[in-house]
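> Structure provided below as structure tokens; questions to follow.
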Amino acid sequence: MGSAVDGLRQTIQEAVDGGDTRIVINLSEVPMIDSSGIGLLVRCLASTKQRGGNVKLVQPSKFAVQTLRLVGVLSLFEIFENDDAAVESFA
Amino acid sequence: MSPEPDADRPQKELSELLKLDFPADTEAIGAVTDAISEVLAQLSVPEQKRLEIELAVQEALVNAVVHGCQSNPMKQVRCRLQSDPQGRIVVIVSDPGPGFNPELLADPKHPENVLAGHGRGVYLIRQLMDEVHYEKGGNEIRMWKY
């Protein structure tokens, strides 16, 4: 929500604009994801996939997973237990 | 248990737990949700239920600030937290905006909308809470958690 989502949006946009389309987002310190965060994740996913990349999520909380499922987007994402596994999945 | 119509609940049976007016600025929302979280914790509301209420309230507050007040901090949003004698929680969020018709919102799970960057807030509220009513032309939402 608010500046947190705006900051992440800018960071991701800069990465994608710079040619980095394989993105790992670690959610381990995010207790909940609201609709603005979900919107950011799915737009990021769409943007990277258009360029041949992907977005992988690491350690979303149980509640974050429930929320993503509630709005029907959980199945769009691959989820990993740690950053290394997510990075290796791009190999 | 079938829910009673919200309008039939006598207001005098509701205990006011929190009443906050705040400027329509998204940066002010965190303090409101923190205050609600604190009250829910004092009431020993289980964590899962607390998270669901907090997220629903956050969505309602963002809608009130952004859509109801166009993020104009000269306008005020009101948030009230109440409980009934059975311990059920109701959160009421109101804004001075023109209101809206929630029935006209698109289904965010429709294949055409799944990759949209917005449009999930009201849907989430309805999923997270047990009973949701829009009143006063859509600029007041009453959300119940049993």
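> What number, in nm² with one decimal, is the all-direction average of the projected area of the convex hull of the alpha-carbon atoms of chain A?
Seen from a random direction, the Cα hull of chain A projects 5.5 nm² on average.
> Set Lys and Arg Cβ to +1 and Asp and Glu Cβ to -1, take the dipole of the protein assembly as shown about its Cα centre, and tell me which of B:119, B:144, B:17 lies farthest positive.
Most positive-ward Cα: B:119.
> Using the crude model of +1 on Lys and Arg Cβ and -1 on Asp and Glu Cβ, and no other charge, please compute the dipole size for the protein assembly as shown relative to its Cα centre, in debye to 20.
So the magnitude is around 320 debye.
> What does the helix-only formula give at 222 nm for chain B: each DSSP H stretch with n ≥ 4 adding -39500 (n - 2.57), the total divided by the residues, and the result rounded to the nearest 500 deg cm²/dmol?
Calculated mean residue ellipticity at 222 nm is -8500 deg cm²/dmol.
> Something else now. Expressed as a whole number of Å, what is the distance separating the alpha-carbon centroids of region B:84-105 and region B:37-61?
15 Å
> I would also like to ask the following. Give me the net charge for the shell around residue B:40: Cβ to Cβ below 12 angstrom, other residues only, Lys and Arg +1, Asp and Glu -1.
-2
> Which order results if B:107, A:34 are arranged by neighbouring Cβ count within 10 Å, fewest first?
Lowest count first: B:107, A:34.
> Net charge near residue A:80, counting Lys/Arg +1 and Asp/Glu -1 over other residues with Cβ under 11 Å of its Cβ?
Residues near residue A:80 contribute -4 overall.
> What per residue convex hull volume, in Å³, do the alpha-carbon atoms of chain B yield?
Per residue, the Cα convex hull of chain B comes to 125 Å³.
> Output the DSSP H helices from chain B with an along-axis C-alpha extent of no less than 15 Å and a mean Kyte-Doolittle hydropathy no less than -1.0.
In chain B, the long hydrophobic H runs are B:29-42, B:47-63.
> Starting from the amide H of residue B:75, placed 1.01 Å from N in the peptide plane, find each other amide H under 5 Å away whose residue is 5 or more places distant or on another chain.
B:24
> Using 22 Å as the Cα-Cα cut-off, could you pick out the over-long pairs in B:19/B:145; B:75/B:145; B:49/B:136; A:62/B:49?
B:75/B:145; B:49/B:136
> For region B:43-146, which GluC sites (Glu not before Pro) are both in a DSSP coil and crowded by at most 14 other Cβ atoms within 10 Å?
B:112
We did not get these values from a lab; they are worked out from the coordinates using the rules stated. All figures in this text were calculated on a predicted structure; none of them were measured in a lab. Don't worry about glycine lacking a Cβ; one is built from the backbone with ideal geometry, like all the others, and counts go over all protein chains shown.
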